[in-house]
1. Using mean Cβ contacts within 10 Å as the protection proxy, how do 103-112, 30-39 order, highest first?
2. Zone of V45 (label point 7 Å along Cα→Cβ, backbone N under 16 Å): which residues in region 66-93?
3. Just to be sure I understand the model, the point goes 7 Å from the Cα along the line to the Cβ. What's the resulting A159 to R81 distance in nm?
4. Points 7 angstrom from Cα along the Cβ direction at D101 and V61: gap in nanometres?
5. Count neighbours as other Cβ atoms within 10 Å of each site's Cβ, and list the GluC sites (Glu not before Pro) in region 96-158 that are DSSP loop with at most 12 such neighbours.
6. So what J values fall out for region 57-67 if you push phi through Karplus, 6.51 cos²θ - 1.76 cosθ + 1.60 with θ = phi - 60°, rounded to Hz, Gly and Pro as x?
7. Using amide H atoms built 1.01 Å from N in the peptide plane, name the residues 5+ places from G137, or on other chains, whose amide H lies under 5 Å from its own.
8. Under Stokes-Einstein, with the Kirkwood radius over Cα pairs standing in for Rh, what whole-number D in µm²/s applies to region 53-104 at 37 °C and 0.692 mPa s?
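The values are calculated or read from the model by the stated rules, or taken from the named source; none is laboratory data. Please read all numbers here as calculations on a predicted model, not as lab measurements. Note that we place each Cβ from the backbone using ideal geometry, even for glycine, and neighbour counts take in every protein chain shown. These accessible areas exclude ligands, DNA and RNA; they are computed on the full protein's heavy atoms, side chains included. Shrake-Rupley method; radii C 1.70, N 1.55, O 1.52, S 1.80 Å.
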Amino acid sequence: MALSVPIDRRSASRELRLLLQGVDGLAGEGLAAALQRVAEAATTVLRAQGAGVMLADEHEVLRCAAASGPPGRGLATAQERLGAGPALDSYANELPVSSRDLTADSRWPDLRHLIDRAAVRSVLSAPLTLPGGRPIGALNLHSSRERDWEVAEVAATVAYAGVVASLIAIALEARLRGVLLDKLLDALRSGTDRPDAEDG
């Protein structure tokens with residue numbers, strides 16, 4: 001189901017940033033806290049040692065929104081700093097991207113120097129795509145050992161990323177509806193505050 005409130009990618013990124021800053025709540029907790037729980041749960045559900053969520057900002061730069069621990073945050077920060085890595089490729093191509101051994105992967109040779117190599121060895125990234133087809137980020141999983149990600153693990157990660165994207169879409173829709181409602185109420189208030197021409 002697509003977002004019922006139309007929005008372009010840059011506006012969506014801006015509104016997501018505000019949500020992450022706690023401007024609105026999501027079922028009693030902020031989006032940042034919800035994404036933190038999502039990252040922590042991913043380690044159990046998807047059998048990884050760590051996980052992280054990266055979201056695009058208004059300039060389409062992926063930023064770390066949540067991580068299950070320091071290695072996951074370090075992996076996200078390293079990709080953000082380099083402007084390269086599995087999460088960025090997954091986001092750009094809207095496909096899952098895996099690396100059996102990130103420390104020896106020729107696709108991102110500089111990444112190995114910026115990560116905790118004892119904690120982050122193999123990586124699987126899946127795109128986060130809003131209903132309607134707009135990519136907004138990526139979900140990262142990592143393991144401390146070399147690992148060939150099986151087809152079933154990739155499928156499960158893509159499915160989990162879809163659930164995460166739906167959660168974000170719900171929060172974004174609620175925020176956008178709230179903003180539109182506030183604007184409508186302001187317009188109604190300003191219309192009723194005007195003196196009637198016949199009273200004048």
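1. 30-39, 103-112
2. Zone members listed by number: 66-68.
3. Distance between the two pseudo-spin positions: 3.7 nm.
4. The answer from the label model is 3.3 nm.
5. E150
6. Couplings: 8, 4, 9, 6, 9, 6, 10, 6, 9, 6, 8 Hz.
7. A56, L128
8. 289 µm²/s
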